[in-house]
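Below: the structure, in structure tokens.
The values are calculated or read from the model by the stated rules, or taken from the named source; none is laboratory data. Just so it is clear, the structure is predicted and the values come from calculations on it, not from any experiment. No Cβ is skipped: glycine too gets one built from the backbone with ideal geometry, and neighbour counts run over all protein chains shown. Note: areas computed on protein heavy atoms with side chains; ligands, DNA, RNA excluded. Shrake-Rupley method; radii C 1.70, N 1.55, O 1.52, S 1.80 Å.
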Amino acid sequence: MNIAVFASGSGSNFQALVEACRDQNDFNFVLLFSDYPQAYALERANKLGIPSLAASPKDFNSRDEYEEFLLRKMEDYQVDYILLAGYMRIIGQDLLEAYPDRILNIHPSLLPAFPGRHGIADAYRAGVKETGVTVHLVDQGIDTGRILKQAKVLIEQGETLADLEEKIHQVEHQLYPQVVKEYLKGVE
Ligand code: GRF
């Protein structure tokens, strides 16, 4: 099956996915897409030998045009599943309809707590004792789709935000590939 990953930033989850799924002969990472042409994820794709594509929504006349472009690219690359990995945009209706239950996302909190862009910092500042990581299906909302799996991360006393971020990312890099392997094999 053909997999596209969408990333807007560093792409550490993208890399973890690719490396952890090397043992899956039927998983083909056919494209890394970024909406941010300077994203480090593009460089990682290059190093990993995975085709990449960048296009900023600003270069299109409308959000609809951007979405149509994405849908066309998914068809070009014959993509079966889309994995969001730090992709900082809402997925439009056309793509959602073309990929029902076939778009996954990773979010750095125990949803439904702390959705949105700053899941780690929001949990840290709220002073909660535990937070975590969620892998979920994508729907039209912000971090609202059906939850596939979660992992807890304790926030220790005296821990800095940077410490917590590091811990969360380590858990993400384990959990996302694990869930992707289970889910893609289960529905196929
Ligand atoms: C991760 O924390 C992910 O959960 C969130 O954005 C971050 C992306 O990090 N959605 P990276 O680009 O994979 O390093």
- Setting aside same-chain residues fewer than 8 positions from Lys149, which lysines have a Cα under 27 Å from its Cα? Lys129, Lys167, Lys181, Lys185
- Message: What are the membrane-span-like helices in the chain by this rule: whole DSSP H runs, Cα extent along the axis at least 27 Å, mean Kyte-Doolittle hydropathy at least -1.0?
- Response: 161-187
- Message: Over the range 2-186, with the other protein chains present, what is the accessible area per residue in square angstrom, probe 1.4 angstrom?
- Response: 50 Å²
- Item | Calculated [θ] (222 nm, deg cm²/dmol) that DSSP helices of n ≥ 4 give over the chain, each run adding -39,500 (n - 2.57) | -12000 deg cm²/dmol
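Do you know the relative contact order of the range 2-186, to the nearest whole percent, from alpha carbon pairs under 8 angstrom that are 6+ apart? Mind showing how you got there, number by number?
Values: 326 pairs, mean separation 36.9, N = 185.
Reported relative contact order: 20 percent.
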- Listed by chain and number, the residues whose amide H is under 5 Å from that of Gly86, excluding neighbours fewer than 5 places away on the same chain and using placed H, are Ile106
- Message: Among Leu32, Leu48, Leu84, which one shows the highest mean-square fluctuation when the chain is modelled as a Gaussian network with alpha-carbon springs under 10 Å?
- Response: Leu48
- Task: Multiply the residue separation of Lys181 and Ala121 by 0.36 nm, subtract the distance between their alpha-carbon atoms, and state the gained length in nm to one decimal.
- Result: 18.7 nm
- Task: May I ask which residue of Pro51, Ile90, Ser109 lies farthest towards the positive end of the charge dipole of the range 30-181, with charges of +1 (Lys, Arg) and -1 (Asp, Glu) on Cβ and the Cα centre as origin?
- Result: Ser109
- Once amide hydrogens are built 1.01 Å from N within the peptide plane, the residues lying 5 or more places from Lys149 or on another chain with amide H under 5 Å from its amide H are Val135
- Output the peptides 135-147, 106-118 sorted from most to least packed, where packing is the average of other Cβ atoms within 10 Å over each peptide's residues. 106-118, 135-147
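What part of the accessible area of the chain, given as a whole %, is carbon or sulfur when the probe is 1.4 angstrom? Please list the in-between numbers first.
Details: 4410 of 9520 Å².
Whole-percent figure for carbon plus sulfur exposure: 46.
Arranged from highest to lowest average of other beta-carbon atoms within 10 Å per residue, in what order do the peptides 126-133, 152-159 appear?
Ranked from most to least packed, the peptides come out as 126-133, 152-159.
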